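The values are calculated or read from the model by the stated rules, or taken from the named source; none is laboratory data. Note that this is a predicted model, so its numbers are computed, not measured. Because the Cβ atoms are built from the backbone with ideal geometry, glycine has one as well, and the counts that use them run over all protein chains shown. The accessibility values were calculated without ligands, DNA or RNA, using every heavy atom of the protein model including side chains. Shrake-Rupley method; radii C 1.70, N 1.55, O 1.52, S 1.80 Å.
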Amino acid sequence: MLFVYPAIFHKEDDTYWVEFPDLEGCHTYGSSINETMEAAQEALAAYLLTLLEQGREIASPSDISAIHTNDGFSSLVSCNINQYKDTKAVKKTLTIPAWLNDRAISMGINFSQVLQEALLSKIQA
């Protein structure tokens, strides 16, 4: 699910901070515009996911042309919450040859991480 909300970016000294006028309490900061935009996308996703998980109403985004600021600039910020949804871990049982298990353990390989990476690679192929 893609969400797009207007945000107001402010600069104070050598840092930036951003607020979402439609989402009370949703704000974040960064040391550069790029870092602040990335943080804004993450903050927006976390905020919206929390509302969805709590069954609360999500405010409609305002028209960006209606956003006025005296000490910053407005921009649209988007996030796709599908990448964050339902990230709880699920236990799986699998079988591999003993020699492969022993070799992987001796190399300190994280089995869960390798399986996740392999599954993502297979799904995206």
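Connecting C-alpha atoms closer than 10 Å in a GNM of the chain, tell me which of Q41, Q83, Q113 has the biggest fluctuation. Result: Q113 has the largest fluctuation of those listed. The fraction of accessible area contributed by carbon and sulfur in segment 5-125 is 50 percent, rounded to a whole number (1.4 Å probe; ligands and nucleic acids excluded). Dipole orientation for the chain: of the candidates L52, S75, T95, T95 has the Cα lying most toward the positive pole (charges on Cβ; Lys, Arg +1; Asp, Glu -1).
Of the GluC sites (Glu not before Pro) found in segment 25-125, those that fall in a DSSP loop while having at most 12 other beta-carbon atoms within 10 Å are E57.
Starting from the Kirkwood radius over alpha-carbon pairs of segment 1-66, derive D by Stokes-Einstein at 4 °C in a medium of 1.567 mPa s and give it in µm² s⁻¹. Before the final figure, lay out the partial values.
Details: Rh = 12.4 Å.
D, rounded to a whole number, is 104 µm²/s.
Computed over the chain with a Gaussian network model linking Cα atoms closer than 10 Å, the most mobile of P21, P61, P97 is P97. Using the rule -39500 (n - 2.57) for each DSSP H run of four or more residues, divided by the residues of the chain, the 222 nm mean residue ellipticity is -11500 deg cm²/dmol.
Charge dipole of segment 26-116 (Cα centre as origin; +1 on each Lys and Arg Cβ, -1 on each Asp and Glu Cβ, all else neutral): 600 debye, rounded to the nearest 20.
If a helix is a whole DSSP H run, which ones in the chain reach 24 Å or further along their own axis (Cα) and hold a mean Kyte-Doolittle hydropathy of at least -1.0?
Working: long enough: 33-53 (29 Å, 0.51).
Qualifying helices, which must be both long enough and hydrophobic enough, are 33-53.
Accessible surface for the chain, divided over its residues, is 75 Å² per residue with a 1.4 Å probe.
Selection among C26, M1, T15 by position relative to the dipole of the chain gives M1 as farthest towards the positive end (Cβ unit charges, Cα centre).
Count Lys and Arg as plus one, Asp and Glu as minus one, and take only other residues whose Cβ is under 13 Å from that of E24; the net charge is then -2. Any chance you could count the Lys pairs in the chain whose alpha carbons are under 21 Å apart, treating pairs 8 or more apart or on different chains as valid? Qualifying lysine pairs in the chain: 4.
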